[in-house]
Amino acid sequence: MKYKSVNNFIGEELLEGGGEKLEVVSPIDGSIISELFLSSADAVDRAVQTAKAAFPSWSNTPIKERVQVFFRYKRLLEENMDELTKLVQEENGKTYDEAKAEILKSAELTEFACSMPQLVSGELLEVSKGVECRVEHFPLGVVASISPFNFPNMVPNWTIPNALVLGNTMILKPSELVPLSANRIAELLRDAGLPKGVFNVVHGAQEAVEAICDHPDIDAVTFVGSTRVAKIVYKRAASKLKRVLALGGAKNHLIVLPDANVAMTASNVAASMSGCAGQRCMAASAMVAVGNVDKIIEQICEEARKIIPGKNLGAIISAKAKERIENYITEAENDGAKILVDGRNCKVEGKENGFYVGPTVIDYVRPEMKIAKEEVFGPVLSIIRAKNVDEAINIENSSDYGNAAAVFTQSGGLARYVADRASAGMIGVNIGVPVPREPFSFGGWNDSRFGVGDITGKSSIQFWTKLKKITTKWNPESQVNWMS
């Protein structure tokens, strides 16, 4: 194995999980690169108690001092860019450029967290003669973050910098498929000067997640992953009276109108459906072709054929995931859809044991087909035909999900018409992956999101803190009224 066994990072100690052994497999070539032992509820409790003990000192540290850790952490992310990139690439299967972009985004997220002292300075107002009201933000306590396999570095950093800068202490439970980046994050935070016990990593599967949801000393839980599990986590953690935000999956629709710029639309759609091998909740998995856009579809196919597995297209996370994606394609073909570009049975020379699905474009998909309704999570684009823009919007609105939607057109009026009516939390106009950048928050609607608030951006402050309102009067000579 290239890497030593992965252990829990609890209070700067490396502790074995104690449960079932799991091999860590690189999707690139199918090789075993490490191993870990899944953690029990006891390991979660130890991490929580460690974080709980660290909370009083950390939360009482002035935010101007807390943020200095993250200035140093951002610098360490940048100084170790190549190493962190290769680590994501090996355990997740991304291309080098995609993995590097993930680390760059983590640095941006950290940079935003460093601005928190200016954003949480509080409010003060004289509300009556001689009476002042002040609002201050206070940390919640011990919080937990459960992150997915598809962004081993970035998604943890959606929560870590903001939650910790605001004074909380944290337990991270990364996907057991990609445990290496999480421990490296913990090491960099330690090297940046984060006090012992403020940040802890517990590796595990279902038992660890259930223990996080149930633990009485965890005050808030965030989750990013599939909708099926997001619902379970939200219900279970909320039933324990925790603050919860669970982000689920997606079925993002790109509405392409006849006046769309051919070259720009084709390159955007192809990149959106194939980036990160389609393993992202912002991937374009359904294109709604309005009217005659055959020239654009032809160009999308040409762009898709330029995307080569093992070169500019990364691997699928596992053999099981590869099989599931290819089954979606085959079922759609059997149901009458037309395969324009076929990525099944893909092999990469020299990496024959890796897990690859080539870019796939499927035309004449009907809205009732399984592939049109469910999240495929692979480099697959389903094209659904619509007669007009209202029919296209109805197709988009009928989806259970609501993460993102996009429209491709040269008409500002039509772009606004679609943006106003699409049932999604993030909208793109001539942009296939409409991810907002800081200080704007990430988040969808419908079955793509469970809970209130945000875990990223400026509005995440409300999720990671609680407000204290202080009303003060010192001068007895001031006029007395109904308030004072």
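Just one of the numbered conditions (1) surrounded by 24 or more Cβ atoms within 10 Å (Cβ to Cβ); (2) assigned to a helix (DSSP H, G or I) is not true of Pro117: (1). Taking the criterion of being farther than 23 Å from Ala250 by Cα and surrounded by fewer than 20 Cβ atoms within 10 Å (Cβ to Cβ), the residues of region 449-464 that qualify are Lys458, Ile461, Gln462.
Exactly one residue out of Leu194, Leu189 is assigned to a loop (DSSP other than H, G, I, E, B), within 15 Å of Lys74 (Cα to Cα) and at pLDDT 95 or above, and it is Leu194. Figure legend. Inter-residue proximity from region 263-287: first residues over 11 Å from Asn150 (Cα atoms), second residues hydroxyl-bearing (Ser, Thr, Tyr), beta-carbon distance below 6 Å, spacing 6+ or different chains. Indicated pairs: Ala284/Ser272; Ala286/Ser382.
Could you please let me know if Pro179 is in contact with a His (Cβ under 7 Å, 6 or more places away or on another chain), under 25 Å from Lys320 (Cβ atoms) and either modelled with pLDDT under 95 or surrounded by 24 or more Cβ atoms within 10 Å (Cβ to Cβ) (or both)?
Working: in contact with a His (Cβ under 7 Å, 6 or more places away or on another chain): yes; under 25 Å from Lys320 (Cβ atoms): yes; either modelled with pLDDT under 95 or surrounded by 24 or more Cβ atoms within 10 Å (Cβ to Cβ) (or both): yes.
In short, yes.
Checked against (1) surrounded by fewer than 16 Cβ atoms within 10 Å (Cβ to Cβ); (2) in contact (Cβ under 8 Å) with a residue 60 or more places away in the chain; (3) assigned by TED's automatic domain parsing to the domain that holds Ile307, Val435 meets all criteria but (3).
Of all residues in region 321-342, those that are within 18 Å of Arg385 (Cβ to Cβ) have Cβ atoms under 6 Å from Cβ atoms of residues that are of a type in the set (A, V, I, L, M) and in a strand (DSSP E or B), 6 or more apart or on another chain, in Ala332/Ile362; Glu333/Ile339; Ala337/Ile362; Ile339/Ile362; Leu340/Val361; Val341/Val361.
Only residues that are modelled with pLDDT under 95 and part of a strand (DSSP E or B) were counted in region 1-12, giving 0.
The set of residues from region 13-35 being modelled with pLDDT of 95 or more and surrounded by 15 or more Cβ atoms within 10 Å (Cβ to Cβ) comprises Leu22, Val24, Val25, Ser26, Pro27, Ile28, Asp29, Gly30, Ser31, Ile33, Ser34, Glu35.
Looking at Ala271, Ala315 in this structure, which one is modelled with pLDDT of 95 or more and buried (at least 19 other Cβ atoms within 10 Å of the Cβ)? Give the steps one after another, and end with the answer.
Working: Ala271 fails: buried (at least 19 other Cβ atoms within 10 Å of the Cβ).
Result: Ala315 is the single residue among Ala271, Ala315 that is modelled with pLDDT of 95 or more and buried (at least 19 other Cβ atoms within 10 Å of the Cβ).
Of the residues making up region 86-98, those that are in a helix (DSSP H, G or I) and in contact with a helix residue (DSSP H, G or I) (Cβ under 8 Å, 6 or more places away or on another chain) are Lys86, Leu87, Val88, Gln89, Glu90, Glu91, Asn92, Tyr96, Glu98.
Can you find a residue that is surrounded by 14 or more Cβ atoms within 10 Å (Cβ to Cβ), touching a Lys or Arg at 6+ places or on another chain (Cβ under 9 Å) and farther than 21 Å from Gln279 by Cα anywhere in region 89-105? No - not one qualifying residue is present in region 89-105.
Here are some residues: Ala250, Ala246, Ala211. Which one is buried (at least 22 other Cβ atoms within 10 Å of the Cβ) and in a helix (DSSP H, G or I)? If you could, list the steps in order and put the result at the bottom.
On the way: Ala250 fails: in a helix (DSSP H, G or I); Ala246 fails: in a helix (DSSP H, G or I).
The conditions single out Ala211.
The residue that is farthest from the chain's Cα centre (by Cα), among those in region 197-208 that are part of a loop (DSSP other than H, G, I, E, B) and crowded, with 24+ Cβ neighbours inside 10 Å, is Val198. The residue pairs whose first member lies in region 178-199 and is farther than 30 Å from Gly30 by Cα, whose second member is of a type in the set (S, T, N, Q), and whose beta carbons are closer than 6 Å, counting only pairs six or more residues apart or on different chains, are Gly197/Thr50; Val198/Thr169.
Scanning region 38-85 for residues that are part of a helix (DSSP H, G or I) and among the small types (Gly, Ala, Ser), we see that the one that is surrounded by the most Cβ atoms within 10 Å (Cβ to Cβ) is Ala47. Val127 fulfils the conditions (1) part of a helix (DSSP H, G or I); (2) farther than 22 Å from Pro439 by Cα; (3) hydrophobic (A, V, I, L, M, F, W, C) except for a single criterion, (1).
Would a scan of region 398-410 turn up a residue that is β-branched (Val, Ile, Thr), within 30 Å of Gly443 (Cβ to Cβ) and not assigned by TED's automatic domain parsing to the domain that holds Gln89?
Initially, region 398-410 is screened for residues β-branched (Val, Ile, Thr), giving 407, 409.
Adding the requirement that they be within 30 Å of Gly443 (Cβ to Cβ) leaves 407, 409.
Narrowing further to those that are not assigned by TED's automatic domain parsing to the domain that holds Gln89: 407, 409.
For region 398-410, residues β-branched (Val, Ile, Thr), within 30 Å of Gly443 (Cβ to Cβ) and not assigned by TED's automatic domain parsing to the domain that holds Gln89: present.
Of all residues in region 418-463, those being farther than 21 Å from Thr265 by Cα and either aliphatic (A, V, I, L, M) or outside any helix (DSSP H, G or I) (or both) number 23.
Do the conditions hold for Leu172, that is, is it in the same structural domain as Val155 (by TED's automatic domain parsing) and either without any contact (Cβ under 8 Å) to a residue 60 or more places away in the chain or under 17 Å from the mean Cα position of the chain (by Cα) (or both)?
Values: in the same structural domain as Val155 (by TED's automatic domain parsing): yes; either without any contact (Cβ under 8 Å) to a residue 60 or more places away in the chain or under 17 Å from the mean Cα position of the chain (by Cα) (or both): yes.
Yes: the conditions hold for Leu172.
Can Arg416 be described as basic (Lys, Arg), more than 20 Å from Tyr364 (Cα to Cα) and touching a residue at least 60 places away in the same chain (Cβ under 8 Å)? In short, no. Being surrounded by 15 or more Cβ atoms within 10 Å (Cβ to Cβ) and either small (Gly, Ala, Ser) or under 18 Å from Pro309 (Cα atoms) (or both) holds for only one residue in Gly350, Gly336, Gly358, and it is Gly358. Of the residues Ser382, Ser398, Ser441, the single one that is in contact with a helix residue (DSSP H, G or I) (Cβ under 7 Å, 6 or more places away or on another chain), without any contact (Cβ under 8 Å) to a residue 60 or more places away in the chain and hydroxyl-bearing (Ser, Thr, Tyr) is Ser441.
So is Ala144 assigned to a helix (DSSP H, G or I), buried (at least 21 other Cβ atoms within 10 Å of the Cβ) and of a type in the set (Gly, Ala, Ser) or not? Before the answer, list the steps.
Numbers: assigned to a helix (DSSP H, G or I): no; buried (at least 21 other Cβ atoms within 10 Å of the Cβ): yes; of a type in the set (Gly, Ala, Ser): yes.
Considered against the rule, which asks whether it is assigned to a helix (DSSP H, G or I), buried (at least 21 other Cβ atoms within 10 Å of the Cβ) and of a type in the set (Gly, Ala, Ser), Ala144 comes out as no.
The values are calculated or read from the model by the stated rules, or taken from the named source; none is laboratory data. All figures in this text were calculated on a predicted structure; none of them were measured in a lab. Note that each Cβ is placed from the backbone with ideal geometry, even for glycine, and that neighbours are counted across all protein chains shown.
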